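The values are calculated or read from the model by the stated rules, or taken from the named source; none is laboratory data. Source: prediction; values computed, not measured. Every residue, glycine as well, gets a Cβ built from its backbone with ideal geometry; the counts of neighbours run over all protein chains shown. In case anyone asks, the SASA skips ligands and DNA or RNA and just uses the protein heavy atoms, side chains included. Shrake-Rupley method; radii C 1.70, N 1.55, O 1.52, S 1.80 Å.
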Protein chains: 2
Amino acid sequence: MFSEQEKEALYKIIYKRRDIRTFLPDPIPHESIMNLLNAAHHGPSVGFMQPWNFIMVTQEEKKAQLAWAADKERRALAIHYERNRQDQFLSLKVEGLKQAPVTICVTCDPTRGGAHVLGRNSIPETDILSTACAIQNMWLAACAEGLAMGWVSFYKKNDVREILDIPPHIEPVALLSVGYTDHYPSNPILESANWEKRRELNALIFHETWGNQ
Amino acid sequence: MFSEQEKEALYKIIYKRRDIRTFLPDPIPHESIMNLLNAAHHGPSVGFMQPWNFIMVTQEEKKAQLAWAADKERRALAIHYERNRQDQFLSLKVEGLKQAPVTICVTCDPTRGGAHVLGRNSIPETDILSTACAIQNMWLAACAEGLAMGWVSFYKKNDVREILDIPPHIEPVALLSVGYTDHYPSNPILESANWEKRRELNALIFHETWGNQ
């Protein structure tokens, strides 16, 4: 069904995709944005519930409020790290939220599709897992479009709900900053910053039962 | 960074990927399996924690036990549906778990990376969201390799833990059946079965705040 070239293209995109924190202010063509959202919307979802919404944040004021919420949480978290790790931690930026021309808040509506969504009825968190799959599609699409994307996961959900008028039962799953960048690194930022190493894949594979390599 | 052809290849794969429930018994080349696992391992993860493991289940006995656990849960869930919907529901198969030459149990270790994983410290479920992103990479890779994949999400986690010797603190996030198929549908199975329709993307997009279209 797919050619060798198409397969190679997928792997190239999967391997090159990075989490980006610095952006240029250049605007993004509408077509690229719609390609990203369409890719997300074609993600898999439990019981085909399609629980996602996409809030497109472009106003300076809203972006500044989101950056404030993320920075507040970042400073609170820093208190839990020891001195060296704290310095390392504080240098990791959340300013991308202000720099990027657009931040997409991807949400998950656990009530969509009614009370007994197929599969979700058995494992409730499959709704947010579906939303994460949609986000990964979007991330790969952004990479293929020559765009940078960063997933900010420091915030109190209720701060984000308040800033974006999100109802209490809706989960703000991610804040995704999207834009162009002049530096798309070849390795994960946290790897280059000596925060974590990439693990050996073989050590993560088991056969038939847990722990059996 | 990417050519027009590479971009188109990604979208083609994203749009054609389906959740498959019927498999041929044909074995999968080792190289394809490793491509899938490598794609998963190059997914993003909060604080670069790489919380995933992959348990490769190929023994008939183990596969039959997993199918038993899924079928038991399916019959229990069916009780919650009204008559018509129940018949529709019971016809949805979980036999793929027995048919497919391999089922991959993807797990998430919430303790990996220590007590204060960057980002996870703020939103704990980002560990399973990371695992879902890895699964989506794997799903796209399977599609590109000409393989079918099905995500089974009906089971009691403790049944799966017991069958695969998974420790209590580890989350069995997904059972993924992988194999070749002689029928790769062009639409989602649940759409063809009139279970759910694909939503209009535009209705899911808001601007600046929730509900603002």
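Table for the structure above
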{"quantity": "Check: the protein assembly as shown dipole with +1 on Lys, Arg Cβ and -1 on Asp, Glu Cβ, in debye", "calculated": "520 debye"}
{"quantity": "Helical segments meeting 15 Å axial Cα length and Kyte-Doolittle -1.0 threshold in chain A (DSSP H)", "calculated": "A:30-41, A:126-144"}
{"quantity": "Carbon and sulfur %, accessible surface of the protein assembly as shown computed with the full protein complex present, 1.4 Å", "calculated": "49 percent"}
{"quantity": "CD proxy at 222 nm, helix term only [per DSSP H run n ≥ 4: -39500 (n - 2.57); per residue of the protein assembly as shown; nearest 500]", "calculated": "-12500 deg cm²/dmol"}
{"quantity": "Whole-Å distance, taken between Cα centres, linking the stretch A:2-66 and the stretch B:137-213", "calculated": "19 Å"}
{"quantity": "Magnitude of the charge dipole, chain B, Cβ model with Lys/Arg +1 and Asp/Glu -1, debye to 20", "calculated": "400 debye"}
{"quantity": "Partner aspartates and glutamates for B:K12 [C-alpha distance under 15 Å; skip if fewer than 8 residues away on the same chain]", "calculated": "A:E4, A:E6, A:E8, A:E145, B:E4, B:E145"}
{"quantity": "Under 20 Å from B:K98, Cα to Cα: aspartates and glutamates that are on another chain or at least 8 residues apart", "calculated": "A:E208, B:D19, B:D26, B:E60, B:E61, B:D71, B:E73, B:D159, B:E162, B:D165, B:D182"}
{"quantity": "GNM result for chain B, Cα springs below 10 Å: residue of B:P44, B:P124, B:P29 fluctuating most strongly", "calculated": "B:P29"}
{"quantity": "Top of A:S122, A:S45, A:S186 by mean-square fluctuation, Gaussian network on chain A, Cα under 10 Å", "calculated": "A:S122"}
{"quantity": "Estimated FRET transfer efficiency when R0 is 41 angstrom, pair B:E162-B:R83 (beta carbons, to 0.05)", "calculated": "0.80"}
{"quantity": "Per-copy distances of the B:D165 label point, shortest first, in nm (7 angstrom along Cα→Cβ)", "calculated": "5.6"}
{"quantity": "At R0 = 41 Å, FRET efficiency that the Cβ-Cβ distance of B:A115 and A:W68 yields, to 0.05", "calculated": "0.90"}
{"quantity": "Reciprocal mean inverse distance between Cα atoms of the protein assembly as shown - Kirkwood radius, Å", "calculated": "21.8 Å"}
{"quantity": "Relative contact order for the stretch A:20-204, counting Cα pairs under 8 Å that sit 6 or more residues apart, in percent", "calculated": "36 percent"}
{"quantity": "Within a Gaussian network of chain A (alpha carbon springs, distance under 10 Å), most fluctuating of A:M138, A:M56, A:M149", "calculated": "A:M56"}
{"quantity": "Which of B:W52, B:Q86, B:A67, positive extreme of dipole for the stretch B:20-204 (C-beta unit charges)", "calculated": "B:Q86"}
{"quantity": "Interface B:A - total buried accessible surface [probe 1.4 Å, Å², rounded to 100]", "calculated": "9100 Å²"}
{"quantity": "Chain B shape via C-alpha gyration tensor axes, a/c threshold 1.5", "calculated": "rounded"}
{"quantity": "Percent antiparallel among DSSP beta bridges (both partners in the protein assembly as shown, rounded to 5)", "calculated": "80 percent"}
{"quantity": "Out-of-range pairs (alpha-carbon distance over 18 Å; input B:K156/B:K197; B:K72/B:K197; A:K16/B:K16; A:K16/A:K157; A:K7/B:K197; A:K63/A:K157)", "calculated": "B:K156/B:K197; B:K72/B:K197; A:K16/B:K16; A:K16/A:K157; A:K7/B:K197"}
{"quantity": "Cβ-vector label at 7 Å, B:E60, separations to other copies in nm", "calculated": "7.1"}
